[in-house]
1. For a quick check of your reading of the model, give me the residue pairs whose first member lies in the stretch 9-21 and is touching a residue at least 12 places away in the same chain (Cβ under 8 Å), whose second is of a type in the set (K, R), with beta-carbon atoms closer than 7 Å and at least 6 apart or on different chains.
2. What number of residues within the stretch 123-175 are within 20 Å of A32 (Cβ to Cβ), surrounded by fewer than 19 Cβ atoms within 10 Å (Cβ to Cβ) and among the hydroxyl-bearing types (S, T, Y)?
3. Quick one: which residue in T159, T138, T142, T127 is assigned to a helix (DSSP H, G or I) and without any contact (Cβ under 8 Å) to a residue 60 or more places away in the chain?
4. Is it the case that the stretch 178-191 has a residue that's assigned to a helix (DSSP H, G or I) and under 21 Å from F11 (Cβ atoms)?
5. Go through the stretch 12-34 and count every residue that is in a helix (DSSP H, G or I) and either surrounded by 18 or more Cβ atoms within 10 Å (Cβ to Cβ) or touching a strand residue (DSSP E or B) at 6+ places or on another chain (Cβ under 7 Å) (or both).
6. Within the stretch 136-148, does at least one residue satisfy the condition of being closer than 15 Å to P19 by Cα and under 20 Å from the mean Cα position of the chain (by Cα)?
7. Mind listing just one residue for me: the one in the stretch 1-11 that is part of a helix (DSSP H, G or I) and closer than 15 Å to A144 by Cβ and, of those, modelled with the lowest pLDDT?
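The values are calculated or read from the model by the stated rules, or taken from the named source; none is laboratory data. Computed from a predicted model, the values in this text were never measured in an experiment. Note: ideal-geometry Cβ built from the backbone for every residue, glycine included; neighbour counts use all protein chains shown.
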Amino acid sequence: MSVAVLSFAVFAASQVGTPGPANMALMTTGAAHGLRAALPFVAGVALGKQLIIWPVGFGLMQLATRYPWAFEALKWISAAYIIWLAWRVANMRLAAKGDARAPGFLAGLIVHPLNPKAWAMITGGFTAFVAPGTPALTATATIAAVLLATQIVLHPLWTWGGSMIAHRVRGTSAERYLMWTLAGLTVASVLFVLFAGEPK
């Protein structure tokens, strides 16, 4: 087969399901607002990865060899954006319903295009699981479908996990520490991606 679908699905699940900037943003959003209110953000995060997959599949990464500074800048833009999301959520209080709105679809849509882990995952998918000579449309559509299916399952679980944790501490003295802990983990995941190199 031109694309090793089963192998790539295992790889995709291991990458989408493990901690990273996007998953920490999902978890903190779920903790602050609950799964239902966060669903537009979750949908935006899931579909945002398609904004990387299709251009990469049709040759965008060839530009990286010509303009490496642009991709380096992307890492730092990613860090700034996701840290801003973490700061926004960390300063909310779970019990204060209606005081702040959950990040919406558009906020979620740009998480993955600004996420260096997503870029590394997608380029790794094309280089490791697509046979040479595979038509670009076939390869890109397959990679896109597998990743979207994986995200549809795993992104809401991260968001729900944050919501469940918050349910136990809402209105208690632990609430502030939960939000700051989740924000700290988000920042740590960004710094790990920036300074530890691309994920294997």
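1. Between residues of the stretch 9-21 that are touching a residue at least 12 places away in the same chain (Cβ under 8 Å) and residues that are of a type in the set (K, R), the close pairs are G20/K117; P21/K117.
2. 2
3. Numbers: T159 fails: without any contact (Cβ under 8 Å) to a residue 60 or more places away in the chain; T138 fails: without any contact (Cβ under 8 Å) to a residue 60 or more places away in the chain; T142 fails: without any contact (Cβ under 8 Å) to a residue 60 or more places away in the chain.
Only one candidate passes the filter, namely T127.
4. Start the filter on the stretch 178-191 by keeping residues that are assigned to a helix (DSSP H, G or I), which leaves 178-191.
Among the residues that remain, those that are also under 21 Å from F11 (Cβ atoms) are: 189.
The answer is yes; a qualifying residue exists.
5. To start, the set of residues in the stretch 12-34 that are in a helix (DSSP H, G or I) comprises 12-16, 21-33.
Right, trim to either surrounded by 18 or more Cβ atoms within 10 Å (Cβ to Cβ) or touching a strand residue (DSSP E or B) at 6+ places or on another chain (Cβ under 7 Å) (or both) and you get 12, 15-16, 21-33.
Residues in the stretch 12-34 being in a helix (DSSP H, G or I) and either surrounded by 18 or more Cβ atoms within 10 Å (Cβ to Cβ) or touching a strand residue (DSSP E or B) at 6+ places or on another chain (Cβ under 7 Å) (or both): 16 in total.
6. Pass one, the stretch 136-148, residues closer than 15 Å to P19 by Cα: none.
No: zero hits.
7. Within the stretch 1-11, the subset part of a helix (DSSP H, G or I) is 5-11.
Next, only the ones that are closer than 15 Å to A144 by Cβ stay: 5, 8-9, 11.
Numbers: V5: 90, F8: 89, A9: 90, F11: 86.
Taking the candidates together, the pick is F11.
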